[in-house]
Amino acid sequence: MKVNMKRFMNNLLTVGKVGLNKEGGITRTCFSKEYYKALNILEKLFLEANLEVTIDKVGNIVGYRKGKRNDAKSIMIGSHLDTVINGGLYDGNLGVIAGLEIINILNDLNIQTEHPIEIVGFNAEEGSELGVTFGSRVMIGRQNLEIEAIENKLGVYNLKISDLKEAKKDMSKVGAFIELHIEQGGYLISNNYEIGVVNGIVGIRRYKIEIVGESNHGGTTPMILRKDPVFIAGKFIDKINRLSKEEYNYPFVSTIGNISVEPGMYNVIPEKVTLFLECRDIKEENLNCFIEKVKKYSKTFGNEYKINIKQEFYEPAKMLSPIMIEEIKKVTDELKLKNIIISSGAGHDSQELIYKVPTGMIFIPSVDGISHSPKEYSTEEQIEKGIQVLFDTIINLDKNEKI
């Protein structure tokens, strides 16, 4: 099998450059006119590939190719079609168009699989008022329809709760889901790996660390008499950085994403500093251990400062399916591609699909580890290897009686 890279790149650019701005970035946010323009183009490409096409009311598109067996569950391939503001060509779009290329290759070779093949382009993976991975959550029926003010949030996009109910797919008829994606980081490229076999998607914790000191005049209060929370915040930042680097291994990361200083004036010693901390890892025990060490550190300042650490957000780690990891790993080894089992530091639609069906992910390298940027790039050689792994994995899954 040989990937038709000319065809693939033409399709990738035809769909992916919708929303291109003068600076080279792409803005195709969920529910935007750019999104629906790309969706209409993709629909035509699906129809040209002889797929049966459905588009639900939340903007997810599915292309369906019949299999030999009417009773067989489908093998679903895909990713998301929306982008961040001023994003790149490859995030999400790569996985959707790779799925289309798989169909085109099967058509070229006149291969009819035992299982039906479905190609999906999800909407709203990147997030909105409705949260991240909205399209895939709705499709598999995991969107909570009882949350407060959901009708108002849906109204922003001219949606109703009934639209979400209608968009729910019968996932009992799907046997597996597989997503090809750029890594969006620098681990593969910096270590010369050609393929990442994804074992899971990291858990995310977010905290507010509030440090309260004593506000006073910035010009008249001697340094020795100050209770300045900014000084303590600096110590916290250094401690968090050293803990993260010295006591935990990749993929553990921590980020101080914002700092709030109150009252925030040149000539006033602040009363309060708030650090906005996020930490991620595939191992929940590491996240628990890390925050306990941060809390323990907070007690070393005694009663001179009031320090409060509050969890604001929690998303558990999601392990992908062993059967899918095994199939992807086997194919990659057979192709003699240098590969590694890797965890995803970013969220993906796969983290939703795993609740319903065996799910796997394939990573290809991101040049310079850049993503969510106009500079986002993967070479044609890297892409071709990813599509080859995807194709061979699907062929193997088609023969697997467990799917």
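The values are calculated or read from the model by the stated rules, or taken from the named source; none is laboratory data. Since the model is a prediction, treat every value here as computed from it, not as a measurement. FYI the Cβ positions are ideal-geometry reconstructions off the backbone, even for glycines, and counts take in every protein chain you see. The accessibility values were calculated without ligands, DNA or RNA, using every heavy atom of the protein model including side chains. Shrake-Rupley method; radii C 1.70, N 1.55, O 1.52, S 1.80 Å.
Tabulated data
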{"read-out": "Val357 open to solvent by less than 40 Å² (accessible area, probe 1.4 Å), of a type in the set (A, V, I, L, M) and part of a loop (DSSP other than H, G, I, E, B)", "value": "yes"}
{"read-out": "Of the criteria (1) among the polar types (S, T, N, Q); (2) over 19 Å from Gly99 (Cα atoms); (3) not in a strand (DSSP E or B), which one Gln351 fails", "value": "(2)"}
{"read-out": "Number of the exception - Asn40 against (1) among the polar types (S, T, N, Q); (2) touching a Lys or Arg at 6+ places or on another chain (Cβ under 9 Å); (3) under 14 Å from Asn123 (Cβ atoms)", "value": "(2)"}
{"read-out": "Among (1) under 14 Å from the mean Cα position of the chain (by Cα); (2) exposed (fewer than 14 other Cβ atoms within 10 Å of the Cβ) - the single one His348 does not satisfy", "value": "(2)"}
{"read-out": "Long-range neighbours under 6 Å by Cβ, at least six apart or interchain, first residue free of Cβ contacts under 8 Å to residues at least 40 places away in the same chain and under 22 Å from Tyr157 (Cβ atoms) within the range 43-67, second in a strand (DSSP E or B) and of a type outside the set (Val, Ile, Thr)", "value": "Val53/Gly63"}
{"read-out": "From His80, His115, residue being modelled with pLDDT of 95 or more, open to solvent by less than 10 Å² (accessible area, probe 1.4 Å) and within 17 Å of Glu179 (Cα to Cα)", "value": "His80"}
{"read-out": "Evaluation of Lys57 against (1) modelled with pLDDT of 95 or more; (2) part of a loop (DSSP other than H, G, I, E, B); (3) out of contact with any helix residue (DSSP H, G or I) (no Cβ under 6 Å at 6 or more places or on another chain) (one fails), failing number", "value": "(3)"}
{"read-out": "Cross-chain or 6+ apart pairs with Cβ under 7 Å, the range 386-403 first and under 17 Å from Val197 (Cα atoms), then at pLDDT 95 or above and of a type in the set (D, E, K, R)", "value": "Ile387/Glu101; Thr393/Glu327; Asn396/Glu327; Leu397/Glu327"}
{"read-out": "Pair list, Cβ < 8 Å and 6+ apart or interchain, from the range 247-264 residues that are under 19 Å from Gly234 (Cα atoms) to residues that are part of a loop (DSSP other than H, G, I, E, B) and of a type in the set (S, T, N, Q)", "value": "Pro263/Ser215"}
{"read-out": "Members of the range 1-26 that are touching a strand residue (DSSP E or B) at 6+ places or on another chain (Cβ under 9 Å) and open to solvent by 40 Å² or more (accessible area, probe 1.4 Å)", "value": "Lys17, Leu20"}
{"read-out": "Any hit, the range 362-369, residues being open to solvent by 90 Å² or more (accessible area, probe 1.4 Å) and of a type outside the set (Lys, Arg)", "value": "yes"}
{"read-out": "Scan of the range 102-135 for residues that are more than 17 Å from Lys160 (Cα to Cα) and among the polar types (S, T, N, Q), ordered by number", "value": "Asn104, Asn107, Asn110, Gln112, Thr113, Thr133"}
{"read-out": "Failed item, numbered, when Gly131 is tested on (1) more than 25 Å from Ile97 (Cα to Cα); (2) surrounded by fewer than 21 Cβ atoms within 10 Å (Cβ to Cβ)", "value": "(1)"}
{"read-out": "Count of the range 22-54 residues which are modelled with pLDDT of 95 or more, in a loop (DSSP other than H, G, I, E, B) and either under 25 Å from Pro374 (Cα atoms) or charged (D, E, K, R) (or both)", "value": "7"}
{"read-out": "Residue identified as hydrophobic (A, V, I, L, M, F, W, C), out of contact with any Cys (no Cβ under 6 Å at 6 or more places or on another chain), closer than 27 Å to Leu12 by Cβ and modelled with pLDDT of 95 or more among Val174, Val202", "value": "Val174"}
{"read-out": "Lone qualifier among Asn152, Asn123 - being at negative phi, in contact with a helix residue (DSSP H, G or I) (Cβ under 7 Å, 6 or more places away or on another chain) and among the polar types (S, T, N, Q)", "value": "Asn123"}
{"read-out": "Extreme residue, farthest from Tyr377 (Cα to Cα), among residues of the range 32-77 that are of a type in the set (Phe, Trp, Tyr) and open to solvent by 10 Å² or more (accessible area, probe 1.4 Å)", "value": "Tyr64"}
{"read-out": "Among residues of the range 83-112, those that are in a helix (DSSP H, G or I), of a type outside the set (Val, Ile, Thr) and open to solvent by less than 10 Å² (accessible area, probe 1.4 Å), counted", "value": "8"}
{"read-out": "Wholly enclosed strands (runs of 3 or more DSSP E) of the range 152-231 bearing at least 2 residues of a type in the set (D, E, K, R)", "value": "203-212"}
